[in-house]
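Peer 1: Handing you this structure, nothing more for now.
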Amino acid sequence: MPVLSVTGLNVRFSTEDGSVHALKDVSFDVPERRIVGVVGESGCGKSTLINAILGLLAKNGEVSKGSILFQGDRDLTKLGATEMRALRGEEIATVFQDPMGALNPVFSVGQQMVNVQYRSGLSKAEKRKRASEMLKQVRIPDAEAALSRYPYEFSGGMTQRIAIAMALMMEPALLIADEPTTALDATLEVATIELLQELQVKIGCSVLFISHHLGVVAELCEDVVVMYAGEVVERGTVRQVFNDPRHPYTVRLLECDPARQKKRMRHLPTIPGEIPDLRARPEGCIFAPRCHRRFGACANTPPDMETGTGHVARCFLADQPEPVGAQG
Amino acid sequence: MLNYAIKRLGLAVVIVSVAMFLLFSMIYLIPGDPASVALGPRATEAMKAALRERMGLDQPIWVQFWNFYSGAWTGDLGTEILSERPVLTVVMEQLPYTVALIVGGISWSVALGIPLGCLAAVRRGGWVDRIVGVLSVAVIAVPSFVIAIYALLIFAVWLQWLPAIGAGEPGEPGDQLVHLILPSLAVGIGWVGYIARMVRASMLEVLEASHIRTAYAFGLPDNQIIYRYALSIAILPTVTLLGIGIGQMLSSAVFAEIVFSRPGVGKLVYDAILTRNFPVVTGAVLVTTAFFVLLNLIADLIVGALDPRVRSNF
Amino acid sequence: MSEAISEPVIALGRGARSLRRLLREPLGAFGLFLVVAVIGAAVFADLLASADPSRISPRDRFMPPGAEHLLGTDQLGRDLFSRVLHGGRIALTVALGSTGVSLLIGIALGLISGYGPRWLDNVLILLFDAIKSFPTVMLALAFVTLFGPSLTAVVVVVIIINVPGYARIIRTQTIALKNAEFVTAAQSMGASTARILRVHVLPNVIGPILILASMDIPVVIAIEAGMSFLGLGVRPPTPSWGAILNDGFASIRESVWIVVAGGIPIILTTLGFTFLGETLRDVFDPRLKAR
């Protein structure tokens, strides 16, 4: 039974300029004890997806269709505010992108780590002990003293590890990591990824790992979900998607990844065209305007085609793959 | 932090020195000489000469300024013309009443302004927000002495709920507190508006911050997030604002003291003007200016102490 | 060159659009209405109120509002309606006059401070800070003690209080502009300092400062009324809202109408100018909101 099962999720925001259809028919699973990566360019709906799962959509946003089943029985789109809050931090924890801004600047690390345990029923001393133990696990030196220090006294890498410690302290079933390493430099990125991997095994939780860094996803994740303009265009295991991409967008995305360049090029390849305006979502395939394989049928909405076990692509040509690097 | 405090203190000393120089130049520039202004038109030449000598006006100007300047720093602000008591003593007798009035004003403005600003930010765009917005502008715009007079008219003359004049019986804190309610409301009400606006604006900014998003993601109760996590940051600029506000409240306090016939520095200066007792006027102006500069300094240092981020920069 | 020609046209178009936006804001429209009403009442005071504001008639003391005296009479039997309208003239003249003079001096000092030599800048800044360190009313009281109460004293006090604020803003903007490309270009083409200030710097700093000055008008009205209330402003029998308020306050137990007549115009005028100023600022220059 998957920890998280998103089915046919649609999210709309009402704005002054009309309704924005931010997520359209998003479906994927996060199986138990697995790390699932979500990749896509900025603006592809990754943040909306996180907010929808956490029940933290802005006031003008709503889930118009679909379900988010948590641990098989609870539909997060139907839970009330109180039930949702009880879930957040306890069973679904989150680590955000900006490590320096993620902690409250005027409270000490200890105060904040004790505060998030407010439902645990432990004594203050026990909460502090648990916090310092968790800091030790993420290799913060002198964890006891670190508790009484303020976020600004730590480096970016350290605050991100503190944020991870805070998130995993309650041993959640699901950890959502929203580009946790993007703001860090390469060495720290590797160290943080390894730490996440280690803790995930130790705690036995599932991880939904949001990133636009394909290399990190390939390294860390077992499954991957490719998003484009609020739709899941392709999903499957990392091996399936990265080695045998079936959606033209995935193919282009892989081609544009600097780490995957086989030969030196003067310019980094880019995908021509722009992400469509979601206020007027075009009929048919969302990627068609930028797609070099488009043909007549693309004016209709393509089906989710399964080409291998759990390998799904939203494209009419999913069963006729093109060789990587055939174009551009 | 210590470095910062010393730097700010140095700047404060320079500013007060320049203020003293300006005040001195003003006295020196009076048409006619200060002695005749002080004694009025009926004074004899001999009386004027005696006063001039006593005030040191027969000496060269730089000597006069030096005497004035060094005297002021050592607490010698000259003597009152009528009773010949030291001006500093006279001013210091009245200062506690004015301080009480200003503290009362701050209490009103903080007690009403912070919750209103907070409420407006949380209910952004709603009717509560709109009403708080209009009221804030209104209480800022209307001069405090008009509010003081109308408050006196309504609560003391018509309704007779509160006493109209005086500071209450000495030694009876309860009575003194009751006498403080109306005047301090008049002093503080404008600042309810300033604080409400400031808290609303900084609250809206803080609520957008990513650590607030983190707090929500950790399932903390909404009330704790808004009133503890966000407000404790949003409140910081208010302290600086109050540092500036105290100067304006001092101005309002002058009017409040006169309207409500309360003792205090403002009443002292006002009475001194009417009796041409001008050493008292300059002395009181100097003391209040120094007081004001000092309070601004303290407000800055408090912000430093409250905000670990500011603290770390010095 | 075409820019110079089209600029007034654009400004005109923008002006009309801004007026429409101003009127769409209920508070701005209300403020504009109050300001127009107050100015109109002051300009046409002689037509609207037939009674002489200074004519004493002891038989008609403390009369409540009625058909003959719209706002009643004061302790000397003077017609309050007429006194309020003529008091408006004093208030508005002082407000507009002293704000205008403060602006001129403030802009001049600010430009000198921002564009002039470093030492002069430091001296001026210190001077501004020192003036700002006096509590407003204390400065006014000290000034009036030394120079005697008069309308001129009020105007001078207002100027002393306002100038540092304007000068500082102009200074900051001038320094920001000093290194802007078009100023450097003008300099390299040999334009004189005076010309650079007049043609390149001034037009860029004048907009925000005018809005801020318009928002200071209610403050100036409050200072005039306040000083007159303390008997330190206009001399009797000249009508002033502050003086009327003072008359009413002295006889508050005989008649409340005098206090009402003196206070209401102060409230309406300060509210009107403030609502208008706030809306103008939001419409024209939202950046200033941060101040």
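Each reported figure results from applying straightforward, stated rules to the coordinates on display, with no laboratory input. It should be emphasised that the depicted structure is a prediction, and the values quoted were computed from it without experimental measurement. Every residue, glycine among them, receives a Cβ derived from its backbone with ideal geometry; neighbour counts consider all protein chains shown.
Peer 1: Output needed: percent of Cα pairs per 10 Å distance bin for region C:65-166, bins running from 0 to the one holding the longest distance.
Peer 2: Histogram of Cα-Cα distances, whole percents per bin: 14, 30, 27, 16, 8, 4, 0.
Peer 1: Write down the Å³ per residue value for the convex hull defined by the alpha carbon atoms of the protein assembly as shown.
Peer 2: Measuring per residue, one finds 241 Å³ for the Cα hull of the protein assembly as shown.
Peer 1: Measure off 7 Å from each Cα along the Cα-to-Cβ vector at B:Ile244 and B:Arg130, then give the distance between these two points in nanometres to one decimal.
Peer 2: 2.9 nm
Peer 1: Taking beta carbons within 10 Å but only from partner chains, what does the mean come to for residues B:145-155?
Peer 2: Mean partner shielding for this stretch: 5.
Peer 1: Have a look at A:Val224, A:Val26, A:Val106 and tell me which one the Gaussian network model of chain A (Cα, springs below 10 Å) gives the largest fluctuation.
Peer 2: Per the Cα network of chain A with a 10 Å cutoff, A:Val106 tops the list.
Peer 1: Compare B:Ile212, B:Ile195, B:Ile114 in a GNM of chain B, Cα atoms joined below 10 Å, and give the one with the largest fluctuation.
Peer 2: B:Ile212
Peer 1: Between A:Ala191 and A:Thr15, take the C-beta separation as r, use R0 = 56 Å, and let me know the FRET efficiency to the nearest 0.05.
Peer 2: So the FRET efficiency works out to roughly 0.85.
Peer 1: Using alpha carbons only, what's the Rg to Rh ratio of chain B with Rh from Kirkwood?
Peer 2: My calculation puts Rg/Rh at 1.06.
Peer 1: What list of whole percents do you get for P(r) of region A:101-169, with Cα-Cα distances grouped in 10 Å bins up to the one holding the largest distance?
Peer 2: 24, 61, 15, 0
Peer 1: Could you give log10 I(q)/I(0) at q = 0.09, 0.17, 0.21 Å⁻¹ for region C:129-254, computed by the Debye formula over C-alpha point scatterers of equal weight, without solvent?
Peer 2: Computed log10 I(q)/I(0) values: -0.41, -0.89, -1.12.
Peer 1: Residues of C:60-70, mean number of Cβ from any other protein chain within 10 Å of their own Cβ, rounded to a whole number?
Peer 2: Whole-number average of other-chain Cβ neighbours for C:60-70 is 0.
Peer 1: If I build a Gaussian network model for chain B, linking alpha-carbon pairs within less than 10 angstrom, which residue out of B:Phe145, B:Phe218, B:Phe260 has the largest mean-square fluctuation?
Peer 2: Maximum fluctuation in the GNM of chain B, among the listed residues, is at B:Phe218.
Peer 1: Continuing with the same structure: Just from its helices, what would the mean residue ellipticity at 222 nm be for chain B, if runs of 4 or more DSSP H residues each count -39500 (n - 2.57) and the sum is divided by every residue, rounded to the nearest 500 deg cm²/dmol?
Peer 2: -24500 deg cm²/dmol
Peer 1: Using a 7 Å offset from Cα along Cα-Cβ at A:Glu32, what residues in region A:60-75 end up with backbone N under 17 Å from the label point?
Peer 2: A:69-74, by backbone N distance to the label point.
Peer 1: Continuing with this model, one more query. Of all trypsin sites (Lys or Arg not before Pro) in region B:113-190, which ones are in loop regions per DSSP and have a Cβ with at most 15 other Cβ atoms within 10 Å?
Peer 2: Filter output for region B:113-190: B:Arg123, B:Arg124.
Peer 1: Give the range of the longest stretch in chain B that excludes all GluC sites (Glu not before Pro) found in loop regions by DSSP and having at most 10 other beta-carbon atoms within 10 Å.
Peer 2: Answer - B:85-207.
Peer 1: In peptide B:227-238, how many Cβ atoms from other protein chains are near each Cβ within 10 Å, on average?
Peer 2: Taking the mean over all residues of the peptide, I get 2.
Peer 1: I've got another one for you. Rounded to two decimals, what is the ratio between the C-alpha radius of gyration of region A:1-70 and 2.2 N^0.38 Å?
Peer 2: 1.13
Peer 1: Pop a pseudo-label 7 angstrom from the Cα along the beta-carbon direction at both A:Thr309 and A:Ala280 and give the gap in nm to one decimal.
Peer 2: 4.6 nm
Peer 1: Right, another one. What size of dipole, in debye to the nearest 20, comes out for the protein assembly as shown about its Cα centre when the only charges are +1 on Lys and Arg C-beta atoms and -1 on Asp and Glu C-beta atoms?
Peer 2: For the protein assembly as shown, the charge dipole is close to 840 debye.
Peer 1: Could you please report the charge total around B:Ala121, scoring K, R as +1 and D, E as -1 over all other residues with beta-carbon less than 10 angstrom from its beta-carbon?
Peer 2: With Lys, Arg at +1 and Asp, Glu at -1, the net is +1.
Peer 1: Hey, got a sec? Which trypsin sites (Lys or Arg not before Pro) in region A:49-128 land in a DSSP loop and have at most 12 other Cβ atoms within 10 Å?
Peer 2: Those satisfying the criteria are A:Lys59, A:Lys78.
Peer 1: Charges on Cβ only, +1 for Lys and Arg, -1 for Asp and Glu, centred on the Cα centroid of region B:97-311; of B:Leu177, B:Val287, B:Asn277, which one is farthest towards the dipole's positive end?
Peer 2: The residue sitting most towards the positive pole is B:Val287.
Peer 1: Cut-off under 19 Å on the C-alpha distance; same-chain residues fewer than 8 positions from A:Lys129 excluded. Which aspartates and glutamates are left, in chain and number order?
Peer 2: A:Glu90, A:Asp142, A:Glu144, A:Glu171
Peer 1: For a quick check of your reading of the filter: which trypsin sites (Lys or Arg not before Pro) in region B:232-314 sit in a DSSP loop and have no more than 11 other Cβ atoms within 10 Å?
Peer 2: In loop regions of region B:232-314 (DSSP not H, G, I, E or B), there are no sparsely surrounded trypsin sites (Lys or Arg not before Pro).
Peer 1: So if we plug the beta-carbon distance of A:Lys129 and C:Asn122 into 1/(1 + (r/R0)^6) with R0 = 60 Å, what FRET efficiency do we get, rounded to 0.05?
Peer 2: About 0.60, to the nearest 0.05.
Peer 1: Along Cα→Cβ, 7 Å out, is where each label goes; now give me the distance between the ones at A:Asp142 and C:Leu202 in nm to one decimal.
Peer 2: Taking the two extended label points, one gets 6.2 nm.
Peer 1: Over 26 Å apart: what share of the alpha carbon pairs of chain C falls there, rounded to a whole percent?
Peer 2: Summing the P(r) tail past 26 Å for chain C gives 54 percent.
Peer 1: Within 13 Å, Cβ to Cβ, of A:Ala318, how many net charges do the neighbouring residues add up to if Lys/Arg are +1 and Asp/Glu are -1?
Peer 2: That works out to -2.
Peer 1: Same structure again: Work out how far the C-alpha atoms of region A:133-229 reach from end to end along every principal axis, then list the three figures in whole Å, largest first.
Peer 2: Principal axes ranked by extent give 44, 27, 22 Å for the Cα atoms.
Peer 1: Rounded to a whole number, what is D in µm²/s for chain A from Stokes-Einstein with the Kirkwood radius over alpha-carbon pairs (4 °C, 1.567 mPa s)?
Peer 2: Reported coefficient: 62 µm²/s.
Peer 1: Once the Cβ-Cβ distance between A:Asp73 and A:Thr7 is put in as r, and R0 is 22 Å, what FRET efficiency do you end up with, to the nearest 0.05?
Peer 2: 0.95
Peer 1: Can you pull the Rg over Rh of region C:117-172, Cα-only, Kirkwood?
Peer 2: 1.05
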